[in-house]
Amino acid sequence: MHKRSIRTYLLAAVLAVGAVACVPIEQQVQSSNTAQAQLLYEDYVYDESVQSVQAYVATGFEEEVLEPPVVPISQAQPMVLEFDRLNATPNRLVAKLIHCDAHWRPSTLNDSQFLSGFNEFFITDAQNSVNTRVPYVHYQFQVPRVKLSGNYLLVVQEEGGSLLLTQRFMVYQELVTVAAKLGAPLGPQGRETRQPVEFNVFYADYELVNPAAEVKAVMRQNFRWDNAKRLTRPTYVQDAQRRLEYVFFEPNEIFKGLSEFRAFDTRSLNYKGIGVDEIDLQQNPAVVYLHTDKSRSGLAYSQDPDVNGKRIFGNRQYGNGDVNGDYTWVDFELQVSEKVPGEVYLQGELTNWRPTADAKLTFDPERQAYTGRMLLKQGYYNYYYTLKSGSATPDDSYFEGSHFETGNTYDILIYYRPPGSRADLLIGYDQLFFNRK
């Protein structure tokens, strides 16, 4: 294939939406249903027909899908869940909420202690896709208000019991003040690759009993759960100042900065968007071939715009990507000098930040490359390549490198269980934009 250089796009251009296009033809896509799936207390899809899951805060802005599902107890701006179901007709689906502790295990609270009504909600906002080759039903659901702060798991299933998906979301109450800041730099090598973030928790107006043991903190990079830092106790407790300090000294306690995410744009199938090399409309579904990628390990930092691993669905011909966005095969190719010591996966929100079977790439010795394809809805996507060796945590830096200069978002969640309580409350929340461009 003829290779073209990847153009640099500004985020404003990334979010732009246009109009005009051809009418595609339909094709059925087979799906499977796991009726007896075990419930997992994490973001998870149990049925192959469920695709393109997004959970976010409805801010009213176009980029609201980039907001994590974390809201204050006022819930003035509701949380929304959206997803597609391929090869399906509109069915009435059922959602319920499970209150969880700080470790994402079900709490012992009764439904009435965190909900005002009956804990069963029908998802009735369902729309058929319009003129797409791959037919699907698009569902949208506004998460009901809750009375208590903490962790919640939203469970969606068919009316009748078949499990479809679970989605985490959090509600916080500002009972303490969380102040995140840039931490002290490590040695020369650490400074080049890692991003030291530390934070304080001030509790002048809220009584914390035995905070060294009862306060738990979680720090995430780009709202990911797969590599979140779970902190069981503060580094220092300053009783006189009513302050908890979280300071980190070891490299493994500090996030790697990694690199800006790779990107591609399939919101139009009439011309080649960023990262796209060829588009084959003769196949059904259509096939999008991306530019051949190479490892970025050891390269200098490159300031490319991204959305920190997320994705924005859209259709530039017809608008309203919710129901007009088609599904296409997207072909990935990572050129290497030799086979690597492990398995190669795609990484990002497009894989729900987990090494899924459809995200696994295969080594092609003739092309000296790892290749693979995923069925994805039209949109602007961010992604990494990651290496998984045995049971070890996937290493994003193996192919992507790591830099102090990379722009990342960190958020911090503070949990506390008051004496005599049966629930871990989320009493503080803060975000820090590291190297914001």
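The numbers here are math on the coordinates, done by the rules we state, and not lab data. Bear in mind that the values here come from a model prediction, so they are computed numbers and not experimental data. Cβ: placed from backbone, ideal geometry, glycine included. Neighbour counts: every protein chain shown.
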In nm, give the distance between the simple-model label positions of T356 and N128, each being 7 Å from the Cα along the Cα-to-Cβ direction. 2.6 nm
Out of L244, L39, L93, a Gaussian network model of the chain with alpha-carbon springs under 10 Å gives the largest mean-square fluctuation to L39
Per residue of the range 375-389, in order, report the coupling 6.51 cos²θ - 1.76 cosθ + 1.60 (Karplus, θ = phi - 60°) as ³J(HN,Hα) in whole Hz, putting x for Gly and Pro. 8, 10, 6, 3, x, 9, 10, 10, 7, 10, 9, 10, 10, 10, 10
Within the range 124-157, DSSP-loop chymotrypsin sites (Phe, Trp or Tyr not before Pro) with at most 12 other C-beta atoms within 10 Å are none
The range 157-261: radius of gyration over Cα atoms, expressed as a fraction of 2.2 N^0.38 Å: 1.36
Mind checking the range 118-214 for GluC sites (Glu not before Pro) that DSSP puts in a loop (not H, G, I, E or B) and that have at most 12 other Cβ atoms within 10 Å? E120, E159, E207
How large is the translational diffusion coefficient of the range 31-172 in µm² per second when you combine the Kirkwood radius over alpha carbon pairs with Stokes-Einstein at 4 °C and 1.567 mPa s? 83 µm²/s
Once Rh is set to the Kirkwood radius over Cα pairs, what Stokes-Einstein translational diffusion coefficient, in µm²/s, holds for the range 337-437 at a temperature of 4 °C and a viscosity of 1.567 mPa s? 77 µm²/s
Please give me, ordered by residue number, the trypsin sites (Lys or Arg not before Pro) of the range 305-365 that lie in loop per DSSP and have at most 12 other Cβ atoms within 10 Å. K339
Charge tally for neighbours of E42 with beta carbon under 15 Å away, counting Lys, Arg as +1 and Asp, Glu as -1, is +2
Taking placed amide H atoms and a strict 5 Å upper bound, the residues 5 or more places from V143 or on another chain that come that close are M79, V80, L81
Just to be sure I understand: with springs between alpha-carbon atoms less than 10 Å apart, which residue in G407, G319, G160 has the highest mean-square fluctuation in the Gaussian network model of the chain? G160
Percent antiparallel among DSSP beta bridges (both partners in the range 31-172, rounded to 5): 95 percent
May I ask you to list the lysines whose Cα is less than 18 Å away from that of K377, ignoring any residue fewer than eight positions away on the same chain? K272, K310
Which three numbers, in whole Å and largest first, are the semi-axes of the equivalent ellipsoid of the range 262-400 derived from its Cα gyration tensor as √(5λ)? 26, 16, 14
If the only charges are +1 at each Lys and Arg Cβ and -1 at each Asp and Glu Cβ, what is the size of the charge dipole of the range 262-400 around the Cα centre, to the nearest 20 debye? 240 debye
